[in-house]
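One structure is given below, encoded as structure tokens.
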Amino acid sequence: MNLPNKLTILRIIMIPFFIFFFLSDMKYGSIIGGIIFVIAALTDMLDGHIARKYKLITTFGKFMDPLADKLLVCSALICLVETGDISSWVAIIIIAREFAVTGLRVLAASDGIVIAASWWGKIKTITQMVAIVSLLFGNWPFESMGIPFGQAAMYLAVLFTIISGYDYFRLNKQVFSGMS
């Protein structure tokens, strides 16, 4: 197993530790959980970079890397709902879009079509990560100023989630053309 795939597996293994610490009542538990989330998110960038640079792209990686990302983000969103930092409708919209686009990709793949990540999808991912990290760390770096940065970033992430989901389906409607 190559290094990018090991990093993907590590990201999945880190998820229960993130959840445990973030939701625990132990002193600094939420900070430890937030740090674990950031490290896990960084492994996503690192494994992709290594896989592309050294041509280590595998079928396992193509399948597991996006799954690991979705598991990490969905776990964080559900934790933020539990702590009252975001509303459930925010998590539902983001998670529903992830399922819908994954379904579209699976359907396309069955016809030999590969749907690459779009710019809207990348913007969505960046805004989601910024919002999640800010909220995991108590609205960092604006907690002392009373500016609801994390909340605003999350609403922006929802907007980009909807736009990117629409864009994926608009650009790939041919996937549905042969269905009966």
* To do: Quick one: which residue in Met1, Met45 is within 29 Å of Gly103 (Cβ to Cβ), exposed (fewer than 15 other Cβ atoms within 10 Å of the Cβ), without any contact (Cβ under 8 Å) to a residue 60 or more places away in the chain and over 19 Å from the mean Cα position of the chain (by Cα)?
  => Met1
* **Ala76 closer than 19 Å to Lys122 by Cα and in contact with a Cys (Cβ under 9 Å, 6 or more places away or on another chain)** => no
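To keep it simple, each residue is scored yes or no on (1) in a helix (DSSP H, G or I); (2) surrounded by fewer than 16 Cβ atoms within 10 Å (Cβ to Cβ); (3) not charged (D, E, K, R).
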position	(1), (2), (3)
Ala117	no, yes, yes
Lys122	yes, yes, no
Ile126	yes, yes, yes
Val130	yes, no, yes
Val133	yes, no, yes
Ser144	no, yes, yes
Ala152	yes, yes, yes
Ala157	yes, no, yes
Phe160	yes, no, yes
* **Residues of region 4-38 that turn out to be in a helix (DSSP H, G or I) and either hydroxyl-bearing (Ser, Thr, Tyr) or surrounded by fewer than 14 Cβ atoms within 10 Å (Cβ to Cβ) (or both), as a count** => 5
* When region 98-124 is examined, which residues are found to be touching a residue at least 12 places away in the same chain (Cβ under 8 Å) and under 11 Å from the mean Cα position of the chain (by Cα)? -> Glu98, Gly121, Lys124
* Structure fact -> Exception for Ile95 within (1) in contact with a Cys (Cβ under 6 Å, 6 or more places away or on another chain); (2) in contact (Cβ under 8 Å) with a residue 40 or more places away in the chain; (3) surrounded by fewer than 19 Cβ atoms within 10 Å (Cβ to Cβ); (4) not basic (Lys, Arg) falls at (2)
* To do: Give the number of residues within region 162-178 that are polar (S, T, N, Q), over 26 Å from Ile39 (Cα atoms) and part of a helix (DSSP H, G or I).
  => 1
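Bear in mind these aren't lab numbers, they're just calculated from the coordinates by the rules spelled out. Note that this is a predicted model, so its numbers are computed, not measured. Cβ sites come from the backbone with ideal geometry, for glycine too, and all protein chains shown count toward neighbours.
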